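The values are calculated or read from the model by the stated rules, or taken from the named source; none is laboratory data. Model, not experiment: these values are computed from the prediction. Quick reminder, even Gly has a Cβ in these numbers, built from the backbone with ideal geometry, and neighbours come from all protein chains shown. For accessibility, only protein heavy atoms count, side chains too; no ligands or nucleic acids. Shrake-Rupley method; radii C 1.70, N 1.55, O 1.52, S 1.80 Å.
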Amino acid sequence: DALKYVEASQIYLKLVDTPNPELTDMEHLAECYRKMNKYQDAEIWYARIVKNTASAPENLLKFGEVLKANANYSKAKKAFQGYATKMKNRSEVAVNIAGCDSAKKWISSPDPVVIRNEDLVNTSHSEFGVFIISDDLVYYVGEPTQKGKKSALYGWTGNGYLKIFSAVDRKSTRLNY
């Protein structure tokens, strides 16, 4: 309830460390991982959850979402279809099913696009929301890398609170967006 998923996940890990963990504890742990964007971990737990006969149909939907985030489109599509069948409403997940089909199609015949990492900007943390100021200056939002001084940690992700950064192109007179 406090959105402190990092702390909560540590507690739920202890609760599920039994031969037959409670379904609700596994659901809470999987949801913590999903909210923290730790999709590999979430996938492991949702795979266990959906095998449980008492599992709610919504777990299939969440399982499909993490499978899709992990680029496992075939399994994601099956999870979405399973949810649609249980809920008797395909239209609710039609976009997700179509997204899986599109992703598989694009992977099989990709457009020639070159993606370049801007090593002066990109880190292992999140950076997003670029706002162009001029041809050689942008502002963006990102998680601090916490080098040097320690900043407060956001309980949702366990990373620092978002900050506004700027980047100047030092190599040319125009940034390549």
**Study point:** Long-range neighbours under 9 Å by Cβ, at least six apart or interchain, first residue under 19 Å from LEU162 (Cβ atoms) within the range 106-128, second at pLDDT 85 or above and among the aromatic types (Phe, Trp, Tyr)
**Key:** VAL121/TYR140; VAL121/PHE165; GLU127/TYR140; GLU127/PHE165; PHE128/TYR140
Practice item. Sort out which residues of the range 103-117 are surrounded by 12 or more Cβ atoms within 10 Å (Cβ to Cβ) and either modelled with pLDDT under 85 or among the small types (Gly, Ala, Ser) (or both), and write them in order of number. Key: ALA103
Practice item. Considering every residue within the range 51-68, establish whether at least one is aliphatic (A, V, I, L, M) and within 29 Å of LYS163 (Cα to Cα). Key: yes
Review point. Residues of the range 26-48 being open to solvent by less than 90 Å² (accessible area, probe 1.4 Å) and assigned to a loop (DSSP other than H, G, I, E, B), which ones?
Key: MET36
Check your understanding: Any residue in the range 128-141 that is out of contact with any Asp or Glu (no Cβ under 7 Å at 6 or more places or on another chain) and part of a helix (DSSP H, G or I)?
Key -> no
Review point. Right, LYS51: basic (Lys, Arg), out of contact with any strand residue (DSSP E or B) (no Cβ under 9 Å at 6 or more places or on another chain), open to solvent by 50 Å² or more (accessible area, probe 1.4 Å) and closer than 21 Å to ALA79 by Cα or not?
Key: yes
Review point. Quick one: would you say ALA30 is out of contact with any strand residue (DSSP E or B) (no Cβ under 6 Å at 6 or more places or on another chain) and touching a residue at least 24 places away in the same chain (Cβ under 8 Å)?
Key: yes
Check your understanding: Does any residue of the range 106-125 turn out to be assigned to a helix (DSSP H, G or I) and of a type in the set (Gly, Ala, Ser)?
Key -> yes
Check your understanding: Within the range 152-177, how many residues turn out to be open to solvent by less than 100 Å² (accessible area, probe 1.4 Å) and at pLDDT 65 or above?
Key -> 16
Check your understanding: Does the range 62-77 contain any residue that is surrounded by 13 or more Cβ atoms within 10 Å (Cβ to Cβ), at pLDDT below 80 and outside any helix (DSSP H, G or I)?
Key -> no
Review point. In the range 6-25, is there at least one residue being open to solvent by 30 Å² or more (accessible area, probe 1.4 Å), in contact with a His (Cβ under 6 Å, 6 or more places away or on another chain), assigned to a helix (DSSP H, G or I) and within 17 Å of GLY158 (Cβ to Cβ)?
Key: yes
**Study point:** Filter result for the condition that a residue is among the hydrophobic types (A, V, I, L, M, F, W, C), more than 20 Å from the chain's Cα centre (by Cα), at pLDDT below 95 and farther than 23 Å from TYR154 by Cα, over ALA84, ALA54
**Key:** ALA84
